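Peer 1: My questions will all concern the structure given below.
The values are calculated or read from the model by the stated rules, or taken from the named source; none is laboratory data. Fair warning: this is a prediction, and the values are worked out from it, not measured in the lab. So basically every Cβ, Gly included, is an ideal-geometry build from the backbone, and we count neighbours across all protein chains shown. Just so you know, the surface numbers come from the protein's heavy atoms only, side chains and all, with ligands and any DNA or RNA stripped out. Shrake-Rupley method; radii C 1.70, N 1.55, O 1.52, S 1.80 Å.
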Amino acid sequence: QNNGLLIQMVISQLLHKVAFHPDPVGLFTEGKQHTNAAITASDIRRFYDAHFKTRNTIITAVGEVDHDEIVRCAE
């Protein structure tokens, strides 16, 4: 039964990867224990600083919202 669950998980991951290729959303998120353990807070800060920029940020609001209020909050 454990083997069947593993096969199901692998197939699901591969289908996800193919469906969303080449978008990063198709990448596996689990990582490996030894690589996850090696990530430091400094690594995360460097990644965040390199990739989370105003120029590539999208803000989405749904429903009865005040556009000007959303803009004020974003600024």
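Peer 1: What per residue convex hull volume, in Å³, do the alpha-carbon atoms of the chain yield?
Peer 2: Given the Cα convex hull of the chain, per-residue volume reads 176 Å³.
Peer 1: If you roll a 1.4 angstrom probe over the protein chains with everything in place, what fraction of the accessible area of the chain belongs to carbon and sulfur, to the nearest %?
Peer 2: Of the solvent-accessible surface of the chain, carbon and sulfur hold 60 percent.
Peer 1: On to the next question. What is the calculated FRET efficiency for residue 28 to residue 7, with r their C-beta to C-beta distance and R₀ = 22 Å, to the nearest 0.05?
Peer 2: 0.90
Peer 1: Then there's this: Provide the per residue accessible area, probe 1.4 Å, for the chain, rounded to a whole number of square angstrom.
Peer 2: Details: 7320 Å² over 75 residues.
Per-residue value: 98 Å².
Peer 1: Quick one: longest stretch of the chain between exposed loop chymotrypsin sites (Phe, Trp or Tyr not before Pro), exposed meaning at most 16 other C-beta atoms within 10 Å and loop per DSSP?
Peer 2: My reading of the result: 1-27 is the longest stretch.
Peer 1: Still on this structure, I have one more. Might you report the magnitude of the Cβ-based charge dipole of the chain about its Cα centre, with Lys and Arg at +1 and Asp and Glu at -1, to the nearest 20 debye?
Peer 2: The dipole magnitude comes to about 520 debye.
Peer 1: With a 10 Å radius around each residue's Cβ, average the other Cβ atoms per peptide and rank 55-67, 32-44, 6-18, highest first.
Peer 2: On the way: 55-67: 6.9, 32-44: 8.8, 6-18: 11.3.
So the peptides 55-67, 32-44, 6-18, ranked by packing, come out 6-18, 32-44, 55-67.
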